[in-house]
Structure formats: C-alpha cells, structure tokens
Amino acid sequence: MKLVSSLALSAALMLGTTPVFAAKEKPVAAPSMALSKPFRAAAGPAQAALKANPAGADAAVAAAEAAATTSDDKFVAAQLRLQIGGALKDQAMQQKAVLAMIDSGSGLATSDLPRLNFYAGQFAYTANDFPRAIKYLNEADRLGHKTAEQDTLLLLAESHFKANDIPGGLA
C-alpha cells in the first residue's frame, strides 16, 4: 500500500497536479464589519478622544455605546471601553468590556472567543467570583485556549478549589 501511495504522489507531482490530500486550505477571509452610520459618527470622536487622553474619553465612548445598534457596533464599542479600562488600570471596567465583546454576538469576536473567555475567567478569578471564573474558563478550554503563559486548566482547577469544589478541581 505504501508503494502505491508513493507512486500516486510521484505521478501527481510529475503531472503538475496537486493531490487532494495535499491541497492547501483556502485562507479564511476576515469577517467584514457592519457598522451603522450613527455608530460610525459617534465612534470617530471616541477614537480621537482615546488617542488624545484615554482617561478623559469616557463621555465620548459612552456616546458611542449609546449609538451602538448592530452586533458589530456593540463589539467595537466594547473594544473602546476596554481601551479606557486598560489605560486606567480599571479591572472592573475591563471585565465589563470583555463580557460585552463576548455577548455582542459579532462575527468579529469569533476568532477571539477562546482568548476573551479566558480573560473573562481571569477577571472573575481576580474578583473572587469563582463560579463565574469556572464558567468562562471552562468555555475557554472548550474553545481550545491553551498557552504556556496563561494555563487555563491550572486557573480552572484553582477556581474549583477556591469555590470548595475539590472533586471539580481534581477532574
């Protein structure tokens, strides 16, 4: 069988064709943004305010959040809020923004869902909200979030232990 497979591959390469199993997958196109006109009008000044002074951009970002009607509007508005939270080192604001990004239903969030769920779990853990941490860390793990620096399973186990769920932490 191995000889036949090697011969088939050699013949395909000599003929200039690509065998089916060797064909590359087409790259996935990035989702397009569907931002409403009212949101675009409000988001421009919010971005300018963030660039000039993140700490003073709250009113402009709040106006963009109020103008958000589509799922993409809501996702981008939450990203703006996350920037303010980061600049102010306000973890509660960052957590709220991350949760809004997850809950937006935007196609823009799809590829970031594993990471966003991890951050939501991490914020909940830091706030000693272990049931919520377990919820988001489980989802991050289910979606495949695994990195060396941010061990999802270790934080998940620790959340179970701190919630007095020893069997869950050992699972």
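The values are calculated or read from the model by the stated rules, or taken from the named source; none is laboratory data. The structure presented is a predicted model; accordingly, all values stated were derived computationally and were not measured. Reconstructed Cβ throughout: ideal geometry from the backbone, glycine too, with neighbour counts over all protein chains shown. Surface accessibility is based on the protein's heavy atoms, side chains included, excluding ligands, DNA and RNA. Shrake-Rupley method; radii C 1.70, N 1.55, O 1.52, S 1.80 Å.
For LYS96, a cut-off of 19 angstrom between C-alpha atoms picks up these aspartates and glutamates, skipping any fewer than 8 places away in its own chain: ASP58, GLU65, ASP72, ASP73, ASP112, ASP129, GLU139. Only protein heavy atoms count here; on that basis, with a 1.4 Å probe, GLU139 has an accessible area of about 60 Å². On full extension, the segment bounded by THR147 and THR110 gains 11.5 nm, given 0.36 nm per residue less the C-alpha separation.
Roll a 1.4 Å probe over the protein chains and send me the accessible area per residue for the range 22-171 in Å².
Details: 8570 Å² over 150 residues.
On a per-residue basis, the range 22-171 sits at 57 Å².
Add +1 for every Lys or Arg and -1 for every Asp or Glu among the other residues with Cβ under 15 Å from the Cβ of THR110, and state the total. Taking every Cβ under 15 Å from that of THR110, the sum is -1.
Of all the accessible heavy-atom surface of the range 84-171, with the other protein chains kept in place and a 1.4 Å probe, what percent is carbon and sulfur? Taking all protein chains in place, the range 84-171 shows 54 percent carbon and sulfur surface. Size of the range 64-140: Rg and Dmax of its alpha carbons, in Å, are 12.0, 33.
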